[in-house]
Amino acid sequence: MLDTKFSELPVLIEYGVPESDQQKAMTMVEHFSHDPLVINILHEFYSHLPEAEDDCILEFFLLEQLDGVQLFLVRSNLGSYFYLVNRDKAELVGTVPEGPDENSLHFFGFSDGAAFQKKYGDFKDLTSHANTFIGKEACPSCFCKDGDSHVFGCPVEICPWCDGQLTNCNCRFDQLKVDEIKNQMQLDSFLKLLHKKGRISYDAASHCPSYPVQNEEINDRSKEEEN
Ligand SMILES: [Zn+2]
Ligand SMILES: [Zn+2]
């Protein structure tokens with residue numbers, strides 16, 4: 001999915017970006033080639049140009065982040081736009097100066113546009129989104145921040161019962177005392193048990209970049225390296 005989007009970008013840029021800016025646009029694609037969030041934004045932007053006119057993205061700013069969903073401010077030649085982004089897709093949810101739509105504001109805990117405006121003002125003091133974001137600060141799978149809980153179901157989350165991979169160990173069955181999980185209600189009950197036990201939050205220093213594996217596997221692998 002992401003590979004497809006990435007491979008479509010040169011064509012989208014050829015048709016959607018003014019000729020004088022095409023080199024700049026492609027440089028940005030290369031620069032962010034390992035950042036799925038940016039690839040999703042670039043693909044959405046150049047597929048459905050917000051002003052229905054040739055345009056070129058100049059900069060990205062990550063504003064908000066919650067449960068694997070992020071709010072980006074995207075500056076282009078023609079304007080500034082808000083995109084809601086996760087690992088699967090990006091969606092245009094507003095423009096400057098109107099601000100993000102109500103659903104997005106509420107999702108990130110803003111009571112209204114005024115509260116959002118109060119936090120961000122005229123967007124002058126933002127730090128540009130860097131391509132190190134995915135590798136260094138966020139979970140490589142669900143993009144939660146260092147020290148935050150993963151999005152439930154993230155394969156990087158470590159099980160607090162067995163220290164294994166939470167999506168792969170058997171603790172969910174053991175805890176629910178069932179052989180099979182059949183519905184959302186069971187998942188919700190498991191999430192409650194998980195909260196009660198205490199979720200292991202993402203620790204960029206120890207969990208990244210490789211996915212957690214069982215301790216034995218780590219031991220085995222280190223033995224191999226010694227030999
Ligand atoms: Zn995660
Ligand atoms: Zn477990």
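Could you list all residues from the stretch 1-31 that are assigned to a helix (DSSP H, G or I), buried (at least 17 other Cβ atoms within 10 Å of the Cβ) and of a type in the set (Val, Ile, Thr)?
Result: Ile13, Val29.
Return the total of residues in the stretch 182-225 being at pLDDT 90 or above and of a type in the set (A, V, I, L, M).
The qualifying residues number 6.
Pull up the stretch 47-81, narrow it to residues that are touching a strand residue (DSSP E or B) at 6+ places or on another chain (Cβ under 8 Å) and not in a strand (DSSP E or B), then point me to the one that is most open to solvent (accessible area, probe 1.4 Å).
Per the stated criteria, the residue is His48.
If you scan the stretch 148-170, which residues turn out to be in a loop (DSSP other than H, G, I, E, B), within 13 Å of ligand 1 (Cβ to nearest atom), more than 15 Å from the chain's Cα centre (by Cα) and over 16 Å from Lys192 (Cβ atoms)?
Across the stretch 148-170, the qualifying residue is only Thr167.
Return the pairs, sorted by first residue and then second, in which the second residue is of a type in the set (Asp, Glu) and within 15 Å of ligand 2 (Cβ to nearest atom), the first residue lies in the stretch 163-190 and is within 19 Å of Ser201 (Cα to Cα), the beta carbons are less than 8 Å apart, and the residues are 6+ apart or on different chains.
Gln165/Glu157; Leu166/Glu157; Thr167/Glu157
The values are calculated or read from the model by the stated rules, or taken from the named source; none is laboratory data. Treat the numbers as computed from the prediction; the structure is a model and nothing was measured. Neighbour counts run over all protein chains shown; Cβ positions are idealised from the backbone, glycine included. Remember, those area values only see protein heavy atoms, side chains included, never the ligands or the DNA or RNA. Shrake-Rupley method; radii C 1.70, N 1.55, O 1.52, S 1.80 Å.
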